[in-house]
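These notes are about the structure you will find just below.
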Amino acid sequence: MKYKLILPALALVLALLACRVQVKPTNPPFSPITVTDTPTLPSLPPTPTSSASELSLDSLRNATYDITDFTGTPRTVTLVNGGYASGSDPLAADYLTVNIGNLVAFGDLNYDGVNDAAVILGINTGGTGVFTYIAAVLNISSTPVHAASVFIDDRPMINSLIISSGEILSQTVIHASDDAMCCPALPMEQGFRLYNSNQLVLTRKAGQIAGGFPRAINVNLPADLAEVSYPFTISGSVTVGPFENTLAYAAYTSDNTLVTNGPVMTDSPNPGDPGDFSQIVDLSMAGVYGLVRFEFSELSMKDGSVITLDSVLVNVH
């Protein structure tokens, strides 16, 4: 924002002073870790309005949900008072139940100024497993429309679920590779953003190492949804240095198209030590503007899976 102060002089002399102050959004309330009905994200999120009615818990408990990700073939179910059952015999070959969990989050997922929702869906086929998903639900003319889901775990403990700055954030306890299925013991914090109306993309992932010490990547600057111009620098830190001090870096456009990727080094003095990193960004020659997501992750040397991840979504002018 700009302020101009015009100071009168004794003669016909004017002194113009201008200063620019950038206000950063508040980070989500998570300790280790400090996207939309959208073919294309708007260039700047609008101020929330009340033009549409809020989604109610009752409407979410009686909405239609797509469970194709679980079944592998196209299928939807309509809940009644929070539940669905294909029959009464758990031993039947086609037995299936879907239930909505107690945690529900409300917030704007597609930057249209209207609150959407995130819910927990548990799917059971008659055995002990309860395959648990986080589902993004858009508010389309005051009607809940299931947009996308992401699998979390079999019988995880989901302790919190919120929506902040268009991001679904969860605190869970999931199964480590050696945990008994009855008893997940690995704390995990994850974030997801909705892209292209049908895809929940992982945007944050943080866990713990032995002794409960957080294992996380934190992008510190710029702030989420900040307005920036090329060239600019993205800086952050790691609580645990990655293998060979190397993070994976990637940039994505507003429709989740990969623009560029490569390695980024941290300055951790010893293996596993905390450290910092920075990346100068200039994608002007590629014509990449608007909302762009910049992602930093630590990948497993064993199988390439994501160990930790953080990202920032900025509005590039």
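Got a sec? Which of TYR133, TYR111 is more than 20 Å from ASP66 (Cβ to Cβ) and not charged (D, E, K, R)?
It is TYR111.
So, in region 287-304, of the ones that are more than 20 Å from the chain's Cα centre (by Cα) and at pLDDT 95 or above, which residue ends up farthest from ASN196 (Cα to Cα)? Lay out the reasoning, then the answer.
Initial filter on region 287-304 (more than 20 Å from the chain's Cα centre (by Cα)): 287-289, 300-304.
Right, trim to at pLDDT 95 or above and you get 287-289.
On the way: GLY287: 20, VAL288: 18, TYR289: 17 Å.
Checked region 287-304; the qualifying residue farthest from ASN196 (Cα to Cα) is GLY287.
If only one of ASP112, ASP94 is at pLDDT below 95 and surrounded by 18 or more Cβ atoms within 10 Å (Cβ to Cβ), which one is it?
ASP112
Results for (1) surrounded by fewer than 19 Cβ atoms within 10 Å (Cβ to Cβ); (2) at pLDDT 95 or above; (3) under 26 Å from TYR65 (Cα atoms), shown as yes or no for each residue.
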residue	(1), (2), (3)
ILE162	yes, yes, yes
LEU169	no, yes, yes
ASP179	yes, no, no
GLN190	no, yes, yes
LEU194	no, yes, yes
ALA206	no, yes, no
VAL219	no, yes, no
ILE234	no, yes, no
VAL238	no, yes, no
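Pairs please, first residue from region 167-182 and closer than 30 Å to ALA223 by Cβ, second anywhere and loosely packed, with under 14 Cβ neighbours inside 10 Å, Cβ atoms under 6 Å, 6+ apart in sequence or on different chains.
From residues that are closer than 30 Å to ALA223 by Cβ, the pairs are GLN171/ASN159; GLN171/SER160.
Are there any pairs, at least 6 apart or on different chains, whose C-beta atoms fall under 6 Å, with the first in region 226-251 and outside the structural domain of GLY287 (by TED's automatic domain parsing) and closer than 20 Å to VAL201 by Cβ and the second surrounded by 19 or more Cβ atoms within 10 Å (Cβ to Cβ) and not aliphatic (A, V, I, L, M), and if so, which?
none
Is there a residue in region 63-77 that is more than 23 Å from GLU167 (Cα to Cα) and in a strand (DSSP E or B)?
Yes, the conditions are met somewhere in region 63-77.
Can you confirm whether VAL314 is in contact with a Leu (Cβ under 9 Å, 6 or more places away or on another chain), surrounded by 18 or more Cβ atoms within 10 Å (Cβ to Cβ) and among the aliphatic types (A, V, I, L, M)?
Yes; evaluated as a whole, the condition is true for this residue.
From the set of residues in region 221-232 that are part of a loop (DSSP other than H, G, I, E, B) and of a type in the set (A, V, I, L, M, F, W, C), which is surrounded by the most Cβ atoms within 10 Å (Cβ to Cβ)?
Step by step, filter region 221-232, then rank; the result is ALA223.
Any residue that is within 22 Å of GLY207 (Cα to Cα), surrounded by fewer than 17 Cβ atoms within 10 Å (Cβ to Cβ) and at pLDDT 95 or above - is there at least one of those in region 255-262?
Let us first name the residues in region 255-262 that are within 22 Å of GLY207 (Cα to Cα), namely none.
Scanning region 255-262, I find no residue that is within 22 Å of GLY207 (Cα to Cα), surrounded by fewer than 17 Cβ atoms within 10 Å (Cβ to Cβ) and at pLDDT 95 or above, so the answer is no.
The values are calculated or read from the model by the stated rules, or taken from the named source; none is laboratory data. Quick caveat, the model's predicted, so the values are computed rather than measured. Here the Cβ is made from the backbone with ideal geometry for all residues, glycine too, and neighbour counts use every protein chain on show.
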